[in-house]
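Worksheet for the structure shown next.
All of the numbers you see were taken from the coordinates with simple rules; none came from a lab. Quantities reported herein were computed from a predicted structural model and do not represent experimental measurements. Positions of Cβ are backbone-derived with ideal geometry, glycine not excepted, and every protein chain shown enters the neighbour counts.
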Amino acid sequence: MPATVNANNVALGVGSIYTAPKDTVRPTDAMIISDAIVSPWVFVGATQKGVTMTYDQTLIEIMIEEQSTAVTRLKSVTKFNFAADLSEDTMATLALGYSGNLAVIAAGIAGSGIAAGTELRLQDSITEVAIACSLINPSGFRRIVYVPRVVQAGNVATALRRVAEQRLYPMLFEATPANTSDIYWKDFPSAAAPP
């Protein structure tokens, strides 16, 4: 007898990425359920093709001369990443993509009518942030993925074209928690918070 497939378990929908300073406490259940994640969390903005989460593992095989198969396998490297092409051309998006620091220029140019602005400075140091990814589970309610520390680990290329394509700012956030067990998932089976 063939296996029965439950089509209701197939889920669609985008994941919304929020960032906050590293080690920020995850969003509250009330924020997640109402899809109203607020300060200090900041929505990263629109993406071209949504968000991709990846979990990569590198295994080492321990071999002995007396047999042709591994005696055991050990995990040597684990990587958990969030990737997206950010579509909104803002200074905050540039800072995420290019791993820079934003600074507000406090004063405009006197007598010119030019107001204060924002500048971005690239940096050699690595900036860690917290990530929360809010998505819809197969029941139609919220699911959250939270990582207390990630770094921008990708290479960035932004095409500056007249009409051929929009400007995109690729981001690749790699989890850097002390333990992979610090990566947190929570599923809400209904609109009400579980007891």
> When the helices in the chain are scored as -39500 (n - 2.57) per DSSP H run of 4 or longer and the sum is shared across all residues, what 222 nm value do you end up with, to the nearest 500 deg cm²/dmol?
Replying inline: -2000 deg cm²/dmol
> For the range 7-19, what does the Karplus curve 6.51 cos²θ - 1.76 cosθ + 1.60, with θ = phi - 60°, yield as ³J(HN,Hα) per residue in whole Hz, taken in order and with x for Gly and Pro?
Replying inline: 4, 5, 7, 7, 10, 10, x, 7, x, 9, 9, 10, 10
>> Can you give the FRET efficiency to the nearest 0.05 for ASP187 and VAL42, using r as the Cβ-Cβ distance and R₀ = 25 Å?
In response: 0.55
>> Along the Cα→Cβ direction, 7 angstrom out, place labels at LYS79 and GLN57. What is the inter-label distance in nm?
In response: 1.7
>> Report the gain in length on full extension from ASP35 to VAL163: 0.36 nm times residue separation, minus Cα-Cα distance, nm rounded to one decimal.
In response: 42.6 nm
>> Highest mean first, how do 165-174, 64-73 rank when packing is the count of other Cβ atoms within 10 Å averaged over residues?
In response: 165-174, 64-73
>> Which residues among the range 33-54 fall inside the zone where the amide N is under 17 Å from a point 7 Å beyond the Cα of PHE141, along Cα→Cβ?
In response: 33-36
>> What's the magnitude of the charge dipole for the chain around its Cα centre, counting Lys and Arg as +1 and Asp and Glu as -1 at the beta-carbon? Answer in Debye, nearest 20.
In response: 380
> Most exposed first by the Cβ proxy, i.e. fewest other Cβ within 10 Å, how do TYR18, TYR55 rank?
Replying inline: TYR55, TYR18
